[in-house]
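One structure is given below, encoded as structure tokens.
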Amino acid sequence: MDMPRLVQEIRTVRQQLECRDTRSSDQISDIRNHLASQWANPSKDVDQLISPEALASIKEQVLRSLGVAGTSQVPFSIILVEGILLFHDNDQSSEHHPGTVCDTGVFIYAKYETLKMRRESRTSYATVEGVWADPPGYFDSLVWPNYVKYHAGFVAAHPELATDRMANKADAAQDPWGGKVVICSSDTAAEDTLRQCVLAILAEWHKRSH
């Protein structure tokens, strides 16, 4: 993963969004679309995971928390950066550490059983090289061991994440973002996970605006 390039891209977009008062809405939309990504393999019922009523409730919660009447009055922009290796680097002093350009992080975790069920329920993935299908035993032989390896820092810093399958790999690790990350579980319903993430973002905004 080209982390220096990613960090520089985030810096550039932050600078562009900070100048949004001098830009048209079309220009801002172009910036957002430049960063937008989509799932390689969304489930067919992905739009039904969270009901319109729940989304409306969350939107109202956000507006009420910010004290504004509509989305056009929200006083900040959000750049969402998603990636499975964002939280593995323990070198917080590096200028290429993603924590240097992100105000906060949200680590959405799940238990072994949940992750295995989700992974093995997908038949294939669309990749740059083509379509990939996991061979038999791939989750236990490669996916899970690397998940434990690259998230060991959070397991050490947040004991509530430790399980019998993970705890023995985390003793010497450090929190790679120095406490800037909120931990959210995705073992629950999608609506509950989304609410956790939204509350984390709002809390960070309120902390910085006072």
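Assorted remarks:
- Using 0.36 nm per residue and subtracting the Cα-Cα separation, the extra length available between K111 and S185 on full extension is 25.8 nm.
- Those GluC sites (Glu not before Pro) in region 109-161 that DSSP places in a loop and that have at most 10 other beta carbons within 10 Å: E129
- Taking a ≥ b ≥ c as the square roots of the eigenvalues of the Cα gyration tensor, region 96-154 is classed as prolate, since a/c reaches at least 1.5 and a/b is larger than b/c.
- For I183, the solvent-accessible surface with a 1.4 Å probe is about 30 Å², rounded to the nearest 10.
- Surface share of carbon and sulfur [accessible, 1.4 angstrom probe, percent] for region 66-151: 55 percent
The values are calculated or read from the model by the stated rules, or taken from the named source; none is laboratory data. Computed from a predicted structure; not experimentally measured. We place every Cβ from the backbone using ideal geometry, glycine too, and count neighbours over all the protein chains shown. The accessibility values were calculated without ligands, DNA or RNA, using every heavy atom of the protein model including side chains. Shrake-Rupley method; radii C 1.70, N 1.55, O 1.52, S 1.80 Å.
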